Each structure stands twice: as structure tokens, then as C-alpha cells.
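Since every read-out is calculated from the coordinates, none of them should be taken as a lab result. The shown structure was predicted, so the numbers you read here are calculated from the model rather than taken from an experiment. Heads up, the Cβs are rebuilt from the backbone with ideal geometry, glycines too, and the neighbour counts pull from every protein chain shown.
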Ligand SMILES: C[S@@+](CC[C@H](N)C(=O)[O-])C[C@H]1O[C@@H](n2cnc3c(N)ncnc32)[C@H](O)[C@@H]1O
């Protein structure tokens, strides 16, 4: 069975992906373990070669929310519904620490290029006063530079902004809004513990439209407790009616230690069965495709040209990215690094960064300072070896409709791995879950494929991409990716 994937890759892997949730293990492996991040002060010597693409993307975690949603296990700080966010010292102090982290991050001049994408994720970044967001953007700009046409995204929740506030964000350069709607039914919003109701959802959509935001996304969650097919269809219809340029559809992940984790068991009432979840996934795929959206990634749909450039960085061939802020992940030069998820530890991490006591050793180990040893308790880093890199590339590429580029894969990891992968997926081409394509992205049909797979030279010359079909292959993504892992590690 399968399950849709929720995995925004931002915090751990900067945004928990949402795979079809058949088996959550693989999905969690990405989401909860960062894709490769970086120890900010790390030496550049790693087990993989230095990245050909210096990081041009930055994820910034702004962890404040009014309250914690019942499904949420992200590193957030709940401010309470009555807090005056404009002068809240918790926000001011956090932005100060975040700014210090950016400034203290060591970047080799040769690796410093202007940022092409910036993503403010949370939490609820739209709770943060614009003047504080402005100061963060200024620091980013003076440290790295910002491309004139940089995509600057911000997650915003209904009920946390009005036209005036949104216009201020736009004036600062925010040009992509990601609206966390989740559902269009008051009872579902309430049972999820959302801090807003359905009226604020409609109001937020209205504000985004009236402020002329031309590039905006809506987040929806399927498989919520008590969610019926009729409710899901209504949410999709109202989403389409609102005309966002991008839609993210996440299948509910019931995380341990959340209220939902305590109350519910996946697959058992009031949660839908796996079969019902798969129907939700298919319904989203069909309705959004019919409405003119491209299903360009397992949980992402967009109108042409409105793919999220920032998220594409995560999925595209192991590209590097910075992560700043509580719990955020980065990936630089083949090194993954996740910052501490607890505020106190994150603050001491930044202090250590400023003091220069978080240095990694040249051999890929970490130095033995006491500060760093403490840090290791709360943060994770991980030098990515070649096998892991090969798995990361498969896992990330197969999330996308573009699929795995076999030619670059052969160059990076060798021809025998490509042959193994092509053979392991052969039965799934016959069942329609995996599609083999030539250089012009034309599908190689069954009879022809049979012959090509018998001849290594033809494989090399004729097979250019493998992708998962939509929706059947995407729905089976966890199993299919696990198969690839088996082939890579054997
Ligand atoms: C970091 S969250 C965005 C936070 C934003 N304040 C919000 O909740 O709207 C990014 C998106 O991940 C999705 N999400 C978070 N936790 C999830 C879970 N346990 N299962 C499925 N989707 C989840 C939601 O759709 C959310 O909008």
C-alpha cells in the first residue's frame, strides 16, 4: 500500500517530504534525518567531492506559532493567543540569535554566490514583525548577496496577517507566499488544533489576491481524522477556485509525541484506512491535473513556471543549501548538519559558532572541545559517503516527475549501479509503476525495454531517465525507493 508523503524539507531535511504513506520509514529517513546538511564551520574536506554548485539557497526557520497544531512535531515556540507579537521579546531575541548565526557562518569566498532562493519557514513566519524580517534579509544580502530576481518565500497562516502586513512583506522582497490552509471545514480545522477558523482562511485568500501576490501556494492535508471523501473533494474544489499557482498536498503523518500521536493509530478510525488515503491521493492528483496543475513532485503541484525553486534545490541532484535557525538543516560539500531543536541548545550552538569552537576536523570527524561534545547531544551531522549520496540522489530524484537522470547518475556513481537499478525496476515497468525514458523523454515501451535491458551497450545509449508514474508509482514510492536502496547497498 502506499501513502502520500509529507516532507517539507526545511527543518530536518528542510521540509518534511510527504510520501505516499504506505511505509513511513523511508520518508522519515529523509525528513527526520536531514538530507545532507552542513556543520557551519566545517572544513570543506569530506568523503564526497566538493560541490560543483556553491549554495545559492537559504532556509530560515522562524519557529513562532500562536499554538501547536495537534499533528505538528516541528521545532516551534508557542506564543499563546493573546501575545502582542509586535514587541514580543521572545521574537526579538530569537531574530538576534538567528542574525548572529548568519554573520558567524564561515563561507569561503570561492563558495560565496548571491542567493537565488530564500525560504522563511516555520512555525508561522507571518507572525514575525516585518521590520525584523527586513533585518534578516539585510544581513543575508550583505553576507551572501541576493539575486535581483531571487525567489523569496514565506509561510503564512490565516489569521496572522492583514493587507498592511502582507504589503510590508512584499515591499521587503517577499514574492512567494505559502498559505497554510490545511482544510476548508471548520470542524477539521478545530480538531487539528489550528489557531484559525474557516473565516480567516477565506479572508487570507482574499488578502493574498487583493495584494496582487502572483506566486502563491496553498498547503492542504489529506487523511485527517474524520475527514470524508466529500470533505476532501470540497477542499480541493475550493483550492482550485482560489487559483493558487502552487498547491502542496500532504498526507497526514501521525507523529509520536503529538496530540494526534497519542490519540490515534494510523489506519484505524477515525483516521482513514490506507486504501482510503490512496483514494484521497488519487483524487488530488486527478482534480489538480484536470485544473491545469502539473504534478511535479510527489506532494507538489504547480501551474507551469511556478514550481517552488527553493524546494527544487532539495530534490535536484544533491544541491547544496544553507539552513539557519532552530532545528534547520543545511547541506554543503556533502555534509549534512541539523541544528539543535531546543532553543537553549541552539543558542549555545550559535555562541560556539561565534567562539569558533564548533570546528570539524580535517578527517571528517569532529574536534573534541567540550562545547562541541555538548552540542553533539542535540545536533546531528553526517558526512555522506558515496553509497549514501547514491541513495540520496535516487530518493530525491524519484520524488519528482522529472525522475532520475541515468546519465548523470552513471557519471557520478558508475555504470554498474545504473544497470542494477534498471534491472531492479524492470517488473515495475510492466506493472506501470516505473517509466523508462529516452533522451527526449519518450517512454520506452515494454517490448522494446525488454530488449534494451538485455544489452548493456543499448542500456547506456538509450536509457536516459527513470521516473515513477503518477499516481500509481508515486503511491508506491516508499517501496520502490527501498528497492533501490537494496540494490545500491548490495
Ligand atoms: C512547517 S509547516 C507550515 C507551518 C505553518 N505555520 C502551518 O502550519 O500552516 C508546513 C506544512 O507542513 C504540513 N504539515 C505539518 N505537519 C504535518 C503532518 N504531521 N502531516 C502532514 N502534513 C503536515 C502542513 O500542511 C503545513 O502547512
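Once the Cα-Cα distance is subtracted from the 0.36 nm per residue extended length, the residue 93 to residue 112 segment shows a gain of 4.1 nm. Computed packing ranks the peptides 255-267, 166-178 as 166-178, 255-267, most packed first, by mean other Cβ atoms within 10 Å.
Expressed to the nearest 5 percent, the antiparallel share of DSSP beta bridges inside the range 24-315 is 20 percent.
Contact order for the range 24-315, expressed relative to its length and based on alpha carbon pairs under 8 Å spaced 6+ residues apart, stands at 16 percent.
Once C-alpha pairs closer than 8 Å and six or more residues apart are averaged by separation and normalised to the residue number of the range 386-489, the relative contact order reads 40 percent. Between the C-alpha center of the range 224-255 and that of the range 276-345 there is a gap of 17 Å. Normalised by the number of residues in the range 202-332, the average gap of Cα pairs under 8 Å and 6 or more apart makes the relative contact order 22 percent.
Highest mean packing comes first when the peptides 61-70, 436-445, 150-159, 290-299 are listed by Cβ atoms within 10 Å, giving 150-159, 61-70, 290-299, 436-445.
Note on residue 447 and residue 344: the extension gain reaches 31.0 nm, defined as 0.36 nm multiplied by sequence separation minus the Cα-Cα distance.
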